[in-house]
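A short worksheet on the structure shown next.
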Amino acid sequence: MSSIPYPCDDSSSVPTSFLGLLLLHYSRSRCNSDSHVQSSSELLRDLANRELNAFLWLSLVVVTGLLLRKLFNLFSLWHRARNIPGPPCPSFYGHSKLISRENLTDVLSKSHEKYGPIVKLWLGPTQLLVSVKDPLLIQEMLIKAEDKLPFTGKAFRLAFGQSCLFAPSYEKLVPGIVPYFPMIITYLRSPVKVQKRRETLATELNERLLKTADLIPMNVTDFIVDKIENISAKGNIDCGLVSQHIAFTLMGATFFGDGFLACPKAAIYEELLMMIAKDACFWASYNVTPFWKQGFWRYQRLCTKLKCLTSDIAQHCRKSCKLFGQIDQNVHNESFNKEIKSAHCSQCCSDNEFGDYYFFRDLNDHQNAKEKEEPSGNIMRVMFHGCHTTAALISNILTRLVMHPEIQDKVYSEISMVGRNPSKYEQEDIYRMPLLLATIYESARLLPTGPMLQRCSLEHDLSLSTGVTIPAAAVLVVPVQLVQKDDSSWGSDASDFNPYRFLSNHAKESGSAEEVTKSGFNLLELNDPNENAAFLPFGSGTRACVGQKFVIQVVATLLASLLKKYEVRIIRPYSGSGDNSEPSLKNRLQSYPNSPILFVRRDQ
Ligand code: HEM
């Protein structure tokens, strides 16, 4: 009986190909083994070993490639930055030690003095900071570099949720293109859409704010005056705190409507908003979100509480609001009514609460947007930014007025000459008070709310007209405090409080000096402060503040009413600022002077 030959028996056959050789090898090893199972498991193990080896080799190649690329990027960054002037690097870690020892503004001041208008500092081996101090170069840089740094975005995203208004970046990027800031990738959300949306919202916000600016102060002023009377009855007033209350009332009434004034939760809202914002930078400073920390979860609970409170207040104000309802009905009559009809009773934290709240309806028209934007995010962010910056400005102005009683007297005379109704000032009245407006601008010049403007160009190197090229992803800063006090832009009295620098005198030009004395303020004219490129309290370029016009108008109207009623006096010199002569920035959040002041009624 013939049998099918088993390959082991066929010792005479010689394989003609590599595959045949392999098969022969396996068939022999199979034949030599005692069991068929054992040989197949060996085959598998062998295969697994080979695959593992291949995988390890591949990983090694990839990791080496990545490291080489990082190294290449590092050298390329050093190479591209070599033409930017700056102090020599003391160590591999750059100037970080120097910056932690001294105030960054001081370090930059010395460096600019020595190295000129563009200066570089190394924050670490891969982090380059470039500071620009020349006003014209600043303008160019702020227009060309449209991205904002991710850190501040991260801090406030953590606290208040997403807000496209303050989105750190809307540049189109692909992973890997930002070698020095890999975390930036995390923040990217459909960039072109974010940019468009931000622009629409900024325009919308500005238009609406200006419409409301004329109406707010008359009822808000009464409310604020009552508040001041109540606090004054208990003794002197902390300038910083009273400014915060005033700013909060102004912003609350603007964004939520006049129902906000009677809202019982407003006080706790103010406290919570400020507390959460204060801690945001701390929690955002962790590279990896610290889920393992109890404090972080406590903080998250507070953030949820703030969100709920925002929702509650919006609901409360929607019910009781009249003032802005009228404005808004004119603008969006049909759609607004439709929304009111379809509005359903929602619970706390419901997104619909904001969806149909009219001031923010367009800000939160996120149904069509694919980005995961939190509806309350824009409201809380704008509320916080508006309160913080406006409080700083008011506190700064009050402090300047008490330090310069002669200017306060002149502002008072100017206010008294304008406006028929003693308790109500309107837009056109304000434009007839150039000294008051100049006082506001001069205060903002001498003590801006933030010491730095920041930008970065994520995708491209930035070429400036001077021929200097700043590498992509470098941190670009404008030391506003230095620029706004620079002699070359403001004259030899740059550090002095002199509102008259923003005024021009018609009489001088027409040669009739006597007229000035007779008709006084009528002959003073306010110059546009933005004509001077070194005036930057509201930033500049495509990412400048959208609330500038609104804030100036509202603060001026409010101050006119307050100063008409009260004289502001200082009780004792500044606490904590060292030389007792100048208000200064204290820290990131409380950047305003907080000396005790008195509001003394003029009719007493
Ligand atoms: C005294 C009051 C205020 C000051 C001093 C101030 C200052 C600033 C500054 C310095 C910036 C950054 C600009 C830049 O980087 O070029 C900014 C951005 C912004 N401000 Fe204000 N601000 C004030 C009030 C307001 C108010 C009341 C609103 C809105 C109601 C507002 C809305 C915004 C927005 C939306 C941005 C972000 C713009 C962007 O990132 O594209 N600000 N503000």
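The values are calculated or read from the model by the stated rules, or taken from the named source; none is laboratory data. None of the values given here were measured: they were computed from a predicted structure. Every residue, glycine as well, gets a Cβ built from its backbone with ideal geometry; the counts of neighbours run over all protein chains shown. Note: accessible area is taken over every heavy atom of the protein model, side chains too, but ligands, DNA and RNA are not part of it. Shrake-Rupley method; radii C 1.70, N 1.55, O 1.52, S 1.80 Å.
Residue by residue, here is whether (1) in the same structural domain as ILE470 (by the TED database); (2) polar (S, T, N, Q); (3) farther than 22 Å from PRO471 by Cβ; (4) modelled with pLDDT of 90 or more holds:
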site: SER100; (1), (2), (3), (4): yes, yes, yes, no
site: LEU123; (1), (2), (3), (4): yes, no, no, no
site: ILE138; (1), (2), (3), (4): yes, no, no, yes
site: PRO150; (1), (2), (3), (4): yes, no, no, no
site: PHE156; (1), (2), (3), (4): yes, no, yes, no
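Mind checking which pairs have a first residue in the range 385-401 that is within 21 Å of LEU598 (Cβ to Cβ) and within 11 Å of the ligand (Cβ to nearest atom) and a second that is part of a helix (DSSP H, G or I) and at pLDDT below 90, Cβ under 6 Å, 6 or more apart or different chains?
Short answer, once both residue conditions are applied: SER395/CYS239; SER395/GLY240.
Considering the range 87-105 alone, what residues qualify as being touching a Gly at 6+ places or on another chain (Cβ under 7 Å) and either part of a loop (DSSP other than H, G, I, E, B) or among the aliphatic types (A, V, I, L, M) (or both)? Explain how you work it out, then say what you get.
Of all residues in the range 87-105, those touching a Gly at 6+ places or on another chain (Cβ under 7 Å) come to 93-94, 96.
The answer is TYR93, GLY94.
Let's see how each residue does on (1) among the polar types (S, T, N, Q); (2) over 30 Å from ARG301 (Cα atoms); (3) modelled with pLDDT of 70 or more:
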{"site": "TYR180", "(1), (2), (3)": "no, yes, no"}
{"site": "THR200", "(1), (2), (3)": "yes, yes, yes"}
{"site": "LEU205", "(1), (2), (3)": "no, no, yes"}
{"site": "MET218", "(1), (2), (3)": "no, yes, no"}
{"site": "ILE231", "(1), (2), (3)": "no, yes, yes"}
{"site": "VAL242", "(1), (2), (3)": "no, no, yes"}
{"site": "ALA247", "(1), (2), (3)": "no, no, yes"}
{"site": "PHE260", "(1), (2), (3)": "no, no, yes"}
{"site": "ALA267", "(1), (2), (3)": "no, no, yes"}
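Pull up the range 521-532, narrow it to residues that are assigned to a strand (DSSP E or B) and buried (at least 16 other Cβ atoms within 10 Å of the Cβ), then point me to the one that is farthest from the ligand (Cβ to nearest atom).
If we filter the range 521-532 for residues that are assigned to a strand (DSSP E or B), which is where we start, we get 524-526.
Subset that is buried (at least 16 other Cβ atoms within 10 Å of the Cβ): 524, 526.
On the way: LEU524: 23, LEU526: 18 Å.
Once the filter is applied, the top-ranked residue is LEU524.
Kindly indicate which of TRP292, TRP283 is farther than 16 Å from PHE160 by Cβ and assigned by the TED database to the domain that holds GLN244. Can you show your working first?
Values: TRP283 fails: farther than 16 Å from PHE160 by Cβ.
None of the others qualify; the one that does is TRP292.
Considering LYS120, LYS154, which residue is out of contact with any Asp or Glu (no Cβ under 9 Å at 6 or more places or on another chain), in a helix (DSSP H, G or I) and charged (D, E, K, R)? Write out each step before concluding.
On the way: LYS120 fails: in a helix (DSSP H, G or I).
Criteria check complete, one pass: LYS154.
If only one of LEU108, LEU136 is more than 14 Å from the ligand (Cβ to nearest atom) and surrounded by fewer than 22 Cβ atoms within 10 Å (Cβ to Cβ), which one is it? Can you show your working first?
Numbers: LEU108 fails: surrounded by fewer than 22 Cβ atoms within 10 Å (Cβ to Cβ).
Just one listed residue meets the conditions, LEU136.
Scan the range 533-554 residue by residue and report those that are near the ligand (Cβ under 7 Å from one of its atoms) and farther than 23 Å from ILE138 by Cα.
Residues satisfying the conditions are PHE550, VAL551.
Here is a list of conditions, (1) open to solvent by 50 Å² or more (accessible area, probe 1.4 Å); (2) within 28 Å of PRO596 (Cα to Cα), and TRP297 meets all of them except one; can you say which number that is?
If we test TRP297 against (1) open to solvent by 50 Å² or more (accessible area, probe 1.4 Å); (2) within 28 Å of PRO596 (Cα to Cα), just (2) comes out false.
So ASN230 ticks every box in (1) in contact (Cβ under 8 Å) with a residue 12 or more places away in the chain; (2) under 24 Å from THR557 (Cβ atoms); (3) not acidic (Asp, Glu) but one. Which box is left unticked?
The one condition ASN230 does not meet is (1).
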